[in-house]
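Asks: Can you keep this structure in mind? I'll have questions shortly.
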Amino acid sequence: MTDSATAIGAVDRLVDLMRLEPLGDDRFRAESEDIGTRAVFGGQVLGQALMAASRTVEADRAVHSMHAYFLLPGEHAPIEYEVDRVRDGRSFTTRHVVARQEGRTIFEMSASFQTPAEGVEHQVPMPDAPPPEGLRSELEQRIALGDRLPPPWDVKGVEARGIEFWPTEEQDPLDPVARPAHIAFWIRAIAPLPDDPLLHRALLAYASDHGLLRAATQPHGLSFLRGDVRAASLDHAMWFHRDFRLDDWLLYVVDSPSACGARALCHGRIFTRDGRLVASAAQEGMLRVGR
C-alpha cells in the first residue's frame, strides 16, 4: 500500500501534467512524463489535448465525446497543442486539436461539448465484479515479481502512479494463461483530486488508455512485459455520459471483439461503484507478435 505522502505527491505530479502553458492564439505547451514506455504514453496526450480544447470552450459546456488518432510516436519531451475553434452552436461546441513535437504532427483529436440538457435515460447494467477491497493492485503485483521484472519495468513499473488499477482477476504478467478477451479492473486516484469536473474527465481519458489492448492479448497468452507483443494505439474514442469523481472507485470493463491484420479492436465501459455508466471508450491498436 502506498503511504500518504507518496500518494499525494504522485497525484500532484499527475495534476501538474494536465496543466498547460498558454502560448497565445489557442496554442498551449505541456510537459511529458516517462512511465517506461518507448514512446510517450497515449493517455497523457489524450488528457492534455482535452484540457487544451476545453480551455477554449465556455465553462458551462462539458465534453461529451472525443475522437483521436495517434499519427506518430511521441517523444518524452514537451508537446505543443493547437486548437481550432470549428463551431460554436447554441447547444454544442466543436473543437479540433493538433499535437506537435519539433514540427511533426503526432496526434489529432476532435471533441464535442454540450450545454446541460434533460432527456430520456437508460443504460446497460454493470456486470458483477468482486469489490476492490481484498484485491491486489497492479503495482503490488509487479513489486511481488521482484527480480523477474525486465528493464525498464524493474524501475518504472514499481513506482507509484497517481492512478492505480486493481484487476478483478490476477494473471501472471510474465507467464499469462490464455483466457477470454475480457478484463475488468477498479481504478481510482490514490489521493483526493481538486473539485474540477474537467480535470476528472481529462484524467479519466488518461486512464482509459491503460489496459484496453491487453484484452486482445488474453486469448493468445501473450505478455507485454515479456516482450511477446509490439503494440501501439492507432485511434481512441471516448464518450462521457454522466458525472463522476476519479478519486472514487470506478470499474473499467474491457473486451476485444476482434483482432486481425495486426490490429485489435477493444471496447471499454466505466461504471461508478453504485452501477452508473459514466463513460465508454473504444480503441483500435496495432498488435504485432514476435519477440
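Asks: Quick check: residue separation of Ala39 and Glu21 times 0.36 nm, minus the Cα distance between them. What number comes out in nm?
Replies: Here the segment from Ala39 to Glu21 would lengthen by 4.3 nm.
Asks: Find how many whole Å separate the alpha carbon centroid of the range 109-171 from the alpha carbon centroid of the range 184-236.
Replies: Between the Cα centres of the range 184-236 and the range 109-171 lies a distance of 6 Å.
Asks: With angles folded into 0 to 90 degrees, how steeply does helix 4-17 sit against the dominant principal axis of the chain? Use alpha carbons for both and round to 10.
Replies: 50
Asks: For the range 222-288, state the semi-axes of the equivalent ellipsoid (square roots of 5 times the eigenvalues of the alpha-carbon gyration tensor), sorted largest first and rounded to whole angstrom.
Replies: 27, 13, 10
Asks: Under a point-charge model restricted to the Cβ atoms of Lys and Arg (+1) and Asp and Glu (-1), what is the dipole moment magnitude of the chain relative to its Cα centre, in debye to the nearest 20?
Replies: Once rounded to the nearest 20, the dipole reads 740 debye.
Asks: Sticking with this structure for a sec: Once both labels are modelled 7 Å past Cα along the beta-carbon direction, what's the Ala129-Arg90 spacing in nm?
Replies: 4.0
Asks: Taking a ≥ b ≥ c as the square roots of the Cα gyration tensor eigenvalues, with a/c under 1.5 meaning rounded and otherwise prolate when a/b beats b/c, else oblate, which class fits the range 1-127?
Replies: It is oblate, given that a/c is not under 1.5 and a/b is not larger than b/c.
Asks: If you don't mind, another one. Given that compact globular proteins tend to follow 2.2 N^0.38 Å, what is the ratio of the alpha-carbon Rg of the range 137-208 to that value?
Replies: For the range 137-208, the normalised Cα radius of gyration comes out at 1.28.
Asks: For Ala117 and Leu174, what is the calculated FRET efficiency with R₀ set at 41 Å and r taken between the beta-carbons, to the nearest 0.05?
Replies: Approximately 0.25, to the nearest 0.05.
Asks: When a/c reaches 1.5 or more, the comparison of a/b and b/c decides; with that in mind, is the range 73-136 rounded, prolate or oblate per its Cα gyration tensor?
Replies: In terms of gyration-tensor shape, oblate.
Asks: Give the residue from Ile143, Phe113, Met126 lying farthest towards the positive end of the charge dipole for the range 110-159; charges sit on Cβ (+1 for Lys and Arg, -1 for Asp and Glu) and the dipole is referred to the Cα centre.
Replies: Comparing the listed Cα positions along the dipole, Ile143 ranks first.
Asks: On full extension of the chain, what length is gained from Val155 through Arg230, given 0.36 nm per residue of separation minus the C-alpha to C-alpha distance?
Replies: 25.0 nm
Asks: Which three numbers, in whole Å and largest first, are the semi-axes of the equivalent ellipsoid of the chain derived from its Cα gyration tensor as √(5λ)?
Replies: Working through the eigenvalues yields semi-axes of 29, 22, 20 Å.
Asks: Same structure, new question: Can you find, among Leu204, Leu246, Thr217, the residue sitting farthest towards the positive end of the charge dipole of the range 184-284, where Lys and Arg contribute +1 and Asp and Glu -1 at Cβ?
Replies: Comparing the listed Cα positions along the dipole, Thr217 ranks first.
Every number here is computed from the coordinates shown, using simple stated rules; none is lab data. All values derive from a computational prediction rather than experimental measurement. We place every Cβ from the backbone using ideal geometry, glycine too, and count neighbours over all the protein chains shown.
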